[in-house]
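Visitor: Input: one structure, supplied below.
The values are calculated or read from the model by the stated rules, or taken from the named source; none is laboratory data. Because the structure is a prediction, the values reported are computed rather than measured. Cβ coordinates were reconstructed from backbone atoms using ideal geometry, including for glycine residues, and neighbour counts include every protein chain displayed. Accessible surface is based on the protein model in full, side chains and every heavy atom, while ligands, DNA and RNA are left aside. Shrake-Rupley method; radii C 1.70, N 1.55, O 1.52, S 1.80 Å.
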Amino acid sequence: MISARFSREEKIHHLVNWSTTWVNHGRGESMWAYSLRLGGSHALLNGWAGNPRLLKLLTAEERRRLEMARARSAQVWRDREPARR
């Protein structure tokens, strides 16, 4: 697997981009899928969202939107239909 490297600015851009889709459209791509699309591990975006130093660089509005997007994403996961067997 190719290891993707991102600058602090790129990480912030991707966090804001991911959260904006969820906040503006009510639905978005999972963190898992977004991370894989970036060429990283499935936990890439989730790791950035949990990094206190990176979160301090976000504006209060960006942090609020990220929290809202994570909550909406988690709710969609909880509300999904169980797999049919």
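Visitor: I want to confirm something. Restricting to region 52-85 and keeping residues that are part of a loop (DSSP other than H, G, I, E, B) and surrounded by 13 or more Cβ atoms within 10 Å (Cβ to Cβ), which single residue is farthest from the chain's Cα centre (by Cα)?
Guide: We begin by selecting, within region 52-85, every residue part of a loop (DSSP other than H, G, I, E, B); these are 57-59, 80-85.
The next check asks that each one be surrounded by 13 or more Cβ atoms within 10 Å (Cβ to Cβ); those that pass are 57-58.
Values: 57: 16, 58: 14 Å.
By that ranking, first place goes to 57.
Visitor: Out of (1) surrounded by 18 or more Cβ atoms within 10 Å (Cβ to Cβ); (2) among the charged types (D, E, K, R); (3) not in a helix (DSSP H, G or I), what's the single condition that is false for residue 11?
Guide: The number of the failed condition is (3).
Visitor: Something else: Count, please, the residues in region 21-51 that happen to be polar (S, T, N, Q) and part of a helix (DSSP H, G or I).
Guide: First, pick out the residues of region 21-51 that are polar (S, T, N, Q): 21, 24, 30, 35, 41, 46, 51.
Right, trim to part of a helix (DSSP H, G or I) and you get 21, 24, 35, 46.
The number of residues fulfilling the criteria is 4.
Visitor: Quick one: in region 14-35, which of the residues that are under 23 Å from residue 53 (Cα atoms) and without any contact (Cβ under 8 Å) to a residue 40 or more places away in the chain is most open to solvent (accessible area, probe 1.4 Å)?
Guide: 32
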